[in-house]
1. Given (1) more than 16 Å from DNA strand B (Cβ to nearest atom); (2) on the phi < 0 side of the Ramachandran plot, where does A:Gly67 come up short, assuming only one miss?
2. Which pairs turn up if I take residues in the range A:366-386 that are free of Cβ contacts under 8 Å to residues at least 40 places away in the same chain and look for partners that are surrounded by 15 or more Cβ atoms within 10 Å (Cβ to Cβ) and of a type in the set (Phe, Trp, Tyr) with beta carbon separation below 8 Å, at least 6 apart in sequence or on another chain?
3. Select, from A:Ala460, A:Ala506, A:Ala439, the only residue that is in contact with a Cys (Cβ under 8 Å, 6 or more places away or on another chain) and either surrounded by fewer than 17 Cβ atoms within 10 Å (Cβ to Cβ) or in a strand (DSSP E or B) (or both).
4. Kindly provide the set of residues from the range A:416-443 that are polar (S, T, N, Q) and touching a residue at least 60 places away in the same chain (Cβ under 8 Å), ordered by number.
5. Only one residue in A:Ser449, A:Ser434, A:Ser378, A:Ser412 is part of a loop (DSSP other than H, G, I, E, B), under 25 Å from A:Ala314 (Cβ atoms) and hydroxyl-bearing (Ser, Thr, Tyr), so which one is that?
6. Which ones in the range A:6-33 are in a strand (DSSP E or B) and within 12 Å of DNA strand C (Cβ to nearest atom)?
7. Please determine, by comparing only the residues of the range A:325-365 that are outside any strand (DSSP E or B), aliphatic (A, V, I, L, M) and at pLDDT 85 or above, which one is surrounded by the fewest Cβ atoms within 10 Å (Cβ to Cβ).
8. With the structure loaded, tell me whether A:Leu459 is within 12 Å of A:Leu294 (Cβ to Cβ) and not small (Gly, Ala, Ser) or whether it fails that test.
Amino acid sequence: MVRVVPDVAAITRTFDYLVPEQWRDGVEVGGIVRVDLHGRRVRAWVVEADPEPAAGVELKALTGFTGVGPASELVDLTVWAAWRWAGRRRPLLVAASPPGRVTSLPAPPPLRPRSATVGPGPTVTAALTHPRAVLRLAPAADRYPLVAAAVASLPDDRDALVLCPSVDQARTLAARLRRSGVAVAAVAQDRPGAAATGEWARAAAGGCVVVGARAAAWAPVPRLGRVIVLDEHDAAYQEQSAPTWHARDVAVERARRAGAPALVVSPCPTLEALAWGTLEAPGRSEERRGWPALDIVDRRDEDPTAGLLSAPLAALLRRAGRVVCVVNRTGRSRLSACATCRELVTCTECADGAMAQPAEGVLRCTRCGAERPVVCASCGATRFRVLRPGVSRLRDELAALVGEEVDEVTGSSAARPESRVVIGTEAALHRVTSAEAVAFLDIDQELMSTRERAGEQALALLVRAARLVRGRETHGRVLVQTRDPDHVVLQAALHADPDRVRAAEAETRQRHGLGPYWAHAIVSGEAAGAFMAALGRPDGLEVQGGSGRWRIRAASHEELCDALAAVERPAGRLRIEVDPLRA
DNA sequence: CGGACAAGCTGA
DNA sequence: CAGCTTGTCCGG
């Protein structure tokens with residue numbers, strides 16, 4: 001007999017089935033089977049073998065054995081993660097399963113003695129000796145020697161799991177390791193298919209270094225000897241849909257359970273990481289070399305209605321080669337005023353939303369989505385002054401300024417930009433592969449963001465820019481236009497000293513009761529009210545909000561997650577976001 | 001989730 | 001009251 005979790009979204013229970021004689025050998029914990037459930041055939045995971053049988057239920061037999069699934073340690077890890085992120089187990093089991101059907105594992109590659117690589121440097125060497133290490137490396141520093149050294153230092157019968165924030169980076173790293181003769185399973189694939197399934201099976205067979213992106217936190221690594229998380233600060237590591245698990249935290253817990261050392265790496269380590277492990281960082285001068293020069297353009301003395309194209313920016317655009325300009329606002333304008341009567345352009349439907357101009361000739365309310373033509377509601381004039389220009393508008397202004405084509409890159413535009421000067425949202429920093437300079441036209445938008453972790457996220461953006469332009473030795477430049485030149489994030493980037501942000505963030509987060517000092521969850525969705533009623537007010541939990549959305553705070557994840565887990569999930573749509581990214 | 005089954009509605 | 005729609009329940 002086995003206990004299974006059916007692959008059906010709304011079902012949170014387990015069910016017991018008899019195992020027919022012919023599959024007795026193949027069916028074990030983690031195995032993927034087919035079962036008859038209420039008149040349908042569905043996929044299911046075996047999560048327990050020979051459980052205590054429930055009384056008075058007539059058991060049915062499994063109707064099929066599909067193949068290999070997550071190893072039993074990972075099945076156990078889904079129990080932990082479902083508790084830690086207060087969610088269902090099914091999405092976690094999906095993440096830990098092969099993308100296609102795996103009926104047998106390939107032979108593992110022959111054991112190759114690992115040889116020490118030369119010169120990882122004393123900082124890396126030190127980081128590799130701690131069971132829980134945080135390694136701070138400047139943005140332009142190459143992380144490959146670190147990964148190579150970590151792989152070389154593995155015992156012959158152990159493998160490493162290496163996580164990168166994006167599929168692209170994972171594939172590049174995997175290719176580089178392969179070229180130097182390391183057996184690699186690259187579980188980061190654009191789409192599931194035969195290739196992805198094959199890599200999963202190779203990883204499950206053992207004898208490979210497993211490299212991948214977020215989902216690879218759940219990849220099979222039967223002989224886990226080390227976990228490495230590159231760019232640990234990257235927000236891409238957190239799953240967007242509930243349960244909102246974080247790949248760093250999953251990977252680190254996995255390492256702990258396997259008794260393997262874990263190493264997280266970042267130019268700007270998060271407070272969560274710093275609270276968890278021992279920090280190693282190179283000396284000041286070495287770290288400084290890996291940060292580009294930062295030009296801070298102080299806009300405090302400018303007329304507030306002046307455009308975003310300052311004289312220092314114009315000079316940079318004339319002088320430098322490829323320049324990427326970043327402003328995190330799509331469309332033509334986010335806020336306008338009538339050029340005639342000076343009235344702000346607001347929504348006539350909901351009365352308090354600002355009207356954005358997503359494209360020429362149309363206004364759309366940022367609050368309620370209502371649209372109307374570009375006509376002033378109070379005087380009827382059709383000429384507006386743009387107060388908060390977006391990418392499209394600035395593209396035209398930039399093209400006029402430099403007298404050449406300027407390509408626009410946003411999340412929705414697909415092609416690689418070809419022009420010398422490029423403007424876009426944050427997406428431009430991902431789409432362009434190298435540049436001589438990056439200019440943030442309105443960095444205050446990031447600095448003043450109400451997002452939780454806003455400071456860290458703004459620094460992460462500067463790190464991205466720094467990666468594009470490389471260190472100061474290659475004359476890379478990053479320019480920021482701001483009305484807050486003394487902001488700690490800018491000062492940290494200016495002095496190549498991310499510790500300043502850590503100190504400031506620690507102080508504000510303690511003061512505001514945020515993570516990692518407190519654990520938070522946001523409960524929303526149509527069944528949120530029923531959930532909150534069932535939760536009640538347990539000791540140690542603070543509850544704020546109402547009308548469909550609640551925020552819960554506790555002094556630790558243990559308290560928070562235990563309380564959330566004690567509530568029986570009501571029927572209906574419910575989203576519980578533990579460690580929310582947005583305030 | 002989605003099949004089963006019951007209850008509700010319509011038209012002859 | 002057959003034939004169909006709509007709603008609620010529950011799975012081994």
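1. Of the numbered conditions (1) more than 16 Å from DNA strand B (Cβ to nearest atom); (2) on the phi < 0 side of the Ramachandran plot, the odd one out for A:Gly67 is (2).
2. Here the result reads A:Val374/A:Phe384; A:Cys376/A:Phe384, each pair linking the range A:366-386 to a residue that is surrounded by 15 or more Cβ atoms within 10 Å (Cβ to Cβ) and of a type in the set (Phe, Trp, Tyr).
3. None of the other options fit; the residue is A:Ala439.
4. Residues satisfying the conditions are A:Thr425, A:Ser434.
5. Result of the check over A:Ser449, A:Ser434, A:Ser378, A:Ser412: A:Ser434.
6. The answer is A:Pro6, A:Phe15, A:Asp16, A:Tyr17, A:Leu18, A:Val33.
7. The selected residue is A:Ala339.
8. Yes, satisfied.
The values are calculated or read from the model by the stated rules, or taken from the named source; none is laboratory data. Quick caveat, the model's predicted, so the values are computed rather than measured. Here the Cβ is made from the backbone with ideal geometry for all residues, glycine too, and neighbour counts use every protein chain on show.
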